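In what follows, a single structure is set out as structure tokens and then discussed.
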Amino acid sequence: MPAMLTFTGEDKDLTLDELAAFVDAAKKAGVPGDNPIRAELSTTGKIKHVETALGTDND
């Protein structure tokens, strides 16, 4: 299983700035642009947690 990059919202739900920071960190870490992002949603449909593999599934 490849290493994961994970972000969680400070106040439970992820903000747009936190999501942008996640994308920036993923790009700087060399995460392939076609890697899927996994998200955990709150009961109200807001993003609480996102993660993506640092490499491809084949790594």
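The values are calculated or read from the model by the stated rules, or taken from the named source; none is laboratory data. As the structure is a computational prediction, the values presented were derived from the model and not from experiment. Counting neighbours? That spans all protein chains shown, and the Cβs are built from the backbone with ideal geometry, glycine included. Accessible surface is based on the protein model in full, side chains and every heavy atom, while ligands, DNA and RNA are left aside. Shrake-Rupley method; radii C 1.70, N 1.55, O 1.52, S 1.80 Å.
Observations
- The modelled label-to-label distance for the pair Thr43/Asp24, using points 7 Å beyond Cα in the direction of Cβ, is 3.4 nm.
- Calculated FRET value between Lys12 and Thr56, using beta carbons and R₀ = 25 Å, to 0.05: 0.20
- The amide H of Lys48, built 1.01 Å from its N in the peptide plane, has Leu14, Glu40, Leu41, Ser42 as neighbours under 5 Å, considering only residues 5 or more places off or on other chains.
- Fraction of accessible area attributable to carbon and sulfur, the chain (%, probe 1.4 Å): 53
- If you model the chain as an ellipsoid using its alpha carbon gyration tensor, with each semi-axis the square root of five times an eigenvalue, the axes come out at 21, 12, 8 Å, biggest first.
- Only Lys, Arg, Asp and Glu carry charge here, each on its Cβ (+1 for the first two, -1 for the last two); on that basis the chain has a dipole of about 40 debye about its Cα centre.
- Highest to lowest packing among 26-33, 49-56, scored as the average C-beta count within 10 Å: 49-56, 26-33
- In the full protein context, the chain carries 73 Å² of accessible surface per residue, based on a 1.4 Å probe and ignoring ligands, DNA and RNA.
- For Lys12, the lysines whose Cα comes closer than 17 Å to its Cα, not counting residues fewer than 8 places off in the same chain, are Lys46, Lys48.
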